[in-house]
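The structure under discussion appears below in the form of structure tokens.
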Amino acid sequence: MRNPGFVKLGELLGKDRLFSYLHKFGFGNKTGIDLEGEGSGILFKEKDVHNLELATTAFGQGISVTPIQQVRAVSAVVNGGYLLKPYIVKDIVDSRTGTTIKSYKKKVLRKVISNKTSKTMRRALENVVAKGGGKAAYIEGYRVGGKTGTAQKQENGKYLVGNYIMSFMSVVPANKPKAVFYLAIDNPKHTPKLSSYTTTPIARRILLDIIDALNIKPQKSEIPKDLEWNDTVYVSVPNINGKNVKDVKDLLKDFNVIYSGKGNTVYDVSPKAGTKIPTGSSVRVMLN
């Protein structure tokens, strides 16, 4: 149902407005990134766009965009609406003296959407991971946004059968993005031809590394995940400090409880109260 929905959106926008936004987001032109051999992608010429071309462009068929164009566009979608010039090298430093020879500063090219629209899109992307096709990328305690993608490949002017590029574009944290991550797999084998099964589990593992590398802290306001039958259920460790041991047994029913000490009053718990851990995990309760 997604493609018919985007066809309808394309009709509502109309050719002029749709292509205006494509150009504002930088599609059809090189980003100017500091790498050799960058492509421009392919868009229909507007004079050649009729109802069919408008419909296919709206859901991404018949056109071609590069990964860096997509990353830059999604970055603009989630950063408040600012299209930036991408670069690979941040600083050039003299290895002998440590002196910075040249720095590449953030360069805003233009504002493409409003802050309000950007906030709405961040929320929508987070819902994809919590409740939609990106659920396998969900990370308990962190706000991850994302969108799956499936692109048909063409050869000799015809689309290939059963040969796709599966992709997943993700943002972390979804409410205050620090990283945009794009993963693509060319013609994956021995898997359902759905990106929600193919790319999202791999993306989750890489996102965990990104979270660790950028020292992104857990957040308590993430959208709860719609659980499936085989999902691990996470439960928060309750705040039981100062309570009588007899009064906490029901609060700890989801855990394997290990008591330490000989008293009747809880003075500490490990993991700390508020930490989300899988049901059945061990929780140590210290008594005095």
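For segment 213-272, give me each residue that is modelled with pLDDT of 90 or more and aromatic (Phe, Trp, Tyr). If the condition is that a residue be modelled with pLDDT of 90 or more and aromatic (Phe, Trp, Tyr), then PHE255, TYR259, TYR267 are the ones that fit. Scanning segment 90-109 for residues that are open to solvent by less than 90 Å² (accessible area, probe 1.4 Å), closer than 16 Å to THR31 by Cβ and modelled with pLDDT of 90 or more gives VAL108, LEU109. Taking each residue of segment 66-89 that is closer than 18 Å to ASP34 by Cα and looking for partners that are open to solvent by 40 Å² or more (accessible area, probe 1.4 Å) and in a helix (DSSP H, G or I) with beta-carbon atoms closer than 8 Å, six or more apart or interchain, yields LEU83/LYS24; PRO86/ILE68. Here GLY145 passes the criteria (1) open to solvent by less than 30 Å² (accessible area, probe 1.4 Å); (2) at pLDDT below 90 except the one numbered (2). Of the residues making up segment 99-146, those that are more than 23 Å from GLY81 (Cβ to Cβ), in a helix (DSSP H, G or I) and out of contact with any helix residue (DSSP H, G or I) (no Cβ under 9 Å at 6 or more places or on another chain) are ALA130, LYS131.
Would you confirm whether or not segment 233-250 contains a residue that is exposed (fewer than 14 other Cβ atoms within 10 Å of the Cβ) and under 30 Å from GLY146 (Cα atoms)? Yes, segment 233-250 contains at least one residue that is exposed (fewer than 14 other Cβ atoms within 10 Å of the Cβ) and under 30 Å from GLY146 (Cα atoms). Filtered by the rule that a residue be buried (at least 16 other Cβ atoms within 10 Å of the Cβ) and in a loop (DSSP other than H, G, I, E, B), segment 189-228 gives THR199, ILE216, GLU222, ILE223, LYS225. Scanning segment 55-78 for residues that are in contact with a helix residue (DSSP H, G or I) (Cβ under 7 Å, 6 or more places away or on another chain) and more than 17 Å from GLY41 (Cα to Cα) turns up ALA55, VAL77, VAL78. For segment 42-49, state whether one or more residues are acidic (Asp, Glu), in a loop (DSSP other than H, G, I, E, B) and either surrounded by 16 or more Cβ atoms within 10 Å (Cβ to Cβ) or in contact (Cβ under 8 Å) with a residue 24 or more places away in the chain (or both). No, every residue in segment 42-49 fails to be acidic (Asp, Glu), in a loop (DSSP other than H, G, I, E, B) and either surrounded by 16 or more Cβ atoms within 10 Å (Cβ to Cβ) or in contact (Cβ under 8 Å) with a residue 24 or more places away in the chain (or both). Of TYR164, TYR159, all but one fail to be under 18 Å from THR191 (Cβ atoms), surrounded by fewer than 24 Cβ atoms within 10 Å (Cβ to Cβ) and of a type in the set (Phe, Trp, Tyr); the exception is TYR164. Of all residues in segment 118-130, at least one satisfies being within 15 Å of the chain's Cα centre (by Cα), open to solvent by 60 Å² or more (accessible area, probe 1.4 Å), closer than 24 Å to GLN69 by Cβ and among the hydrophobic types (A, V, I, L, M, F, W, C).
The values are calculated or read from the model by the stated rules, or taken from the named source; none is laboratory data. The structure displayed is predicted, hence computed values, not measured ones. Every residue, glycine among them, receives a Cβ derived from its backbone with ideal geometry; neighbour counts consider all protein chains shown. The area values use the complete protein model at the heavy-atom level, side chains included, leaving out ligands, DNA and RNA. Shrake-Rupley method; radii C 1.70, N 1.55, O 1.52, S 1.80 Å.
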